[in-house]
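No lab work stands behind these numbers, since they all come straight from the coordinates. Fair warning: this is a prediction, and the values are worked out from it, not measured in the lab. No Cβ is skipped: glycine too gets one built from the backbone with ideal geometry, and neighbour counts run over all protein chains shown.
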Amino acid sequence: MSYLKLLQDRIQHLSQDLSSALDVDVTVVDENYVRIGGTGGFIGEINKNCPENSIFAKVLKDGNEEINIDIRKKEKCKNCANHLKCQEIGNMAYPIKLDGNVIGVIGFVAFSPKQINNMIAKSCEYKKMLSQTAKIIENEVLNIKIKNKLIIEMAEINEIINSINKGIVIINSEEVITHINTKAIKILGINFSEETIIGKNIHKIIKNLKITDTHNKELIENWVIGENYVKVIYEINEIVADNQKISTLISFDGLKEIINIAMNYTKSDNIDFSNIVGKSKKLVKVIEKAKIASLSDSTILLEGDSGTGKELFARAIHCCSKRKDEAFVAVNCASIPENLLESELFGYESGAFTGASIKGKIGKFELANKGTLFLDEIGDLPLHLQPKLLRAIQEREIIKVGGSSPIKVDVRIICATHKNLEQLVEEKGFRKDLFYRLNVIPLNIPSLKERENDVILCSEYILNKLSLKMGVEKKSLSKQVENFFLNYEWPGNVRELENVLEYAVTFSAGCEIKIEDLPDYLLNKNKKNFCPLEINIDECSLESKIKQFEKDIIKQYLDKYGRTTEGKKITAEKLGISLATLYRKLEEFTS
């Protein structure tokens, strides 16, 4: 146990006072080489280790003072691991002792010519001040050891609570903080080097906290810390001995940390509409609608085939909304067992069912409070849960499983489905009233085959990501593969494209992906739709070969897009020729 650690606040104040009075920088290191206090450039090094072969290390080992104020000689520093990077041009170090044992070092350090000149001119006074300050610290440590063993016990408790991966604050009967762990300091965003916490009333740290036993229930609240808000999930428990309350334990976690660990949560500020790749008319049109929709709080229904990027749209909408700084919580209604889905969405009270946690559970609605709840595969939501979801949307409140009290929630709902909800309504598989509540702003995400040449743009984007992910040189598509991709139907959409490209990058030998590098299933599946043309070299003239090649190409496109006027327009556009030229060639082929 480091005695100096117990005096960290006092040592820091003492260091700052000395630094101001003497115009030098001051630092204190304990017997474990941990920097307990410091001024100037040392502030950022507090609680970090100093080099074990430094001058301070020598003082800790030998127990003798070390003076190094001759800037022309740095012999004493040459063995220090930080020697080449060190900005110090002079220092004085004095041991701090307890019962004859060295428990730390206090040092004066010069970084500027002015400081070193002062140190040289007043070396005797500075040495005396070092000795006296070391004595002050030694006496305070002695007082701690002799008169107040409780402080040591408190430090041991701190060691224990620091190992707990939760914010912990313990307050006494007067609501004064007696213990706080490092996780709590991190979550609350307190600058430990500037603010004394132990011994301060809890309400000066957390302004709106109500000290009431939550009886093993977890609550969600926005705590006011200074001028900031910190969203936490917390519980408060009284510590009782001999039927008397002796202290109160507050345990908590930052809500965003919980979501990040427990759910499908990302920093949505990294995902906006620029992450949606493509320039096709249909895609651009739906992106523009989504940008407008993001500015409101209306419920959005994203429709489209599997793999079209509905969740990407949901995250982009959240990122551009007024809720962007709050949680984005994603729930896949098809992937959670039906008997668990209700408690996942709405949470449950303690003892709500066999196997339920004694503390109960926070549901996704509460976790998404003030933010966005994304309900993917909403068409798979069981009928018996649909009225409860409808109530949550209409009344903006939920009731936990096993609970009776409504809980107010402020959540923006975005849903997604690849199913036809209107057809499900007709088939009595989805409630009509819920459908109308969800279908406020419907957005249809186009499939990849509807997005013209976007498959090539998407491929380039994915290949760039794969090269970084797999640590390989970026690869490109051959013209033959580009042509293949443009003619493939892509039933799995962008998700299928990602899988195909990852396979191709893995098995391609060079920097260019060729037809033979694609998965077998893709080639076999696409043979009927489009396959490379083979020309019999025994046929007569080059002109006839070219004419036959053109005829076969045009036939394949007409087979794909149809022989209607619209189909011929698409064929002409794909081939890069005018409609009149297409009609002329068709006449030549039949003549």
Treat each spin label as a single point 7 Å out from the Cα along the C-beta direction, and report the residue 172 to residue 583 distance in nm.
9.7 nm
Provide the descending list of Cα extents for the chain along its principal axes, expressed in whole angstroms.
113, 70, 37
In what sequence do 549, 374, 273, 42 fall when counting other Cβ within 10 Å, fewest first?
549, 273, 42, 374
If 466, 219 are placed from fewest to most neighbouring beta carbons inside 10 Å, the sequence is 219, 466
Kirkwood-based Rg to Rh ratio, region 450-526, C-alpha trace:
0.92
Above 20 Å lies some portion of the pair distances; for region 3-147, what is it as a whole percent of all C-alpha pairs?
41 percent
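Over the Cα atoms of region 542-590, Rg to Rh with Kirkwood Rh, two decimal places?
Numbers: Rg = 10.3 Å, Rh = 10.8 Å.
Value, to two decimals: 0.95.
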Two-site label geometry, residue 52 and residue 468: point separation in nm, points 7 Å out along Cα→Cβ:
3.8 nm
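Per the Kirkwood treatment, what hydrodynamic radius in Å, one decimal, follows for region 263-444 from the mean inverse distance over all distinct Cα pairs? Intermediate values should be presented prior to the final figure.
Working: mean 1/r = 0.0594 Å⁻¹.
When all Cα pairs of region 263-444 are included, the Kirkwood radius is 16.8 Å.
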For the chain, whose charge dipole is built from +1 on Lys and Arg Cβ atoms and -1 on Asp and Glu Cβ atoms, the candidate among 216, 287, 503 with its Cα farthest towards the positive end is 287
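Please report the relative contact order for region 263-444, taking Cα pairs under 8 Å with a sequence separation of at least 6, and give it as a percent rounded to a whole number.
Numbers: 323 pairs, mean separation 53.2, N = 182.
Dividing the mean separation by the residue count of region 263-444 yields 29 percent.
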May I ask for the angle, rounded to the nearest 10°, between helix 565-575 and the longest principal axis of the chain, with both axes built from Cα atoms and the value confined to 0 to 90°?
60 degrees
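Sort 234, 436, 3, 461 so that the residue with the fewest other Cβ atoms within 10 Å of its own Cβ comes first and the one with the most comes last.
Working: 234 20, 436 11, 3 23, 461 15.
Arranged by neighbour count, lowest to highest, 234, 436, 3, 461 become 436, 461, 234, 3.
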Dipole magnitude of the chain about its Cα centre, charges +1 at Lys/Arg Cβ and -1 at Asp/Glu Cβ only, in debye to the nearest 20?
900 debye
With N residues in region 379-449, Rg(alpha-carbon) / (2.2 N^0.38 Å) equals 1.26
If the reach is capped at under 18 angstrom between alpha carbons, list the aspartates and glutamates near residue 361, excluding any in the same chain fewer than eight residues apart.
213, 218, 221, 235, 253, 257, 338, 342, 344, 349, 397
Report ³J(HN,Hα) in whole Hz for each residue of region 22-33, in order, from the Karplus equation J = 6.51 cos²θ - 1.76 cosθ + 1.60 where θ = phi - 60°; Gly and Pro get x.
9, 6, 9, 8, 10, 8, 10, 10, 8, 5, 9, 6
Which of the aspartates and glutamates could a cross-linker bridge to residue 419, judged by Cα under 16 Å and excluding same-chain residues fewer than eight apart?
303, 305, 311, 376, 377, 380, 427
How many lysine pairs in region 450-526, separated by 8 or more positions in sequence or lying on different chains, have Cα atoms less than 22 Å apart?
10
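Peptides 505-515, 181-191: what's the order by average Cβ count within 10 Å, highest mean first?
Ranking the peptides 505-515, 181-191 by packing returns 181-191, 505-515.
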If you take every DSSP beta bridge fully contained in region 263-444, what fraction is antiparallel? Give it as a percent rounded to 5.
20 percent
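List, in the order given, every pair from 285/551; 285/585; 285/408; 324/388; 48/127 whose Cα-Cα distance in the structure shown is over 28 Å. Please list the in-between numbers first.
Values: 285/551 35 Å; 285/585 35 Å; 285/408 36 Å; 324/388 26 Å; 48/127 26 Å.
Beyond 28 Å: 285/551; 285/585; 285/408.
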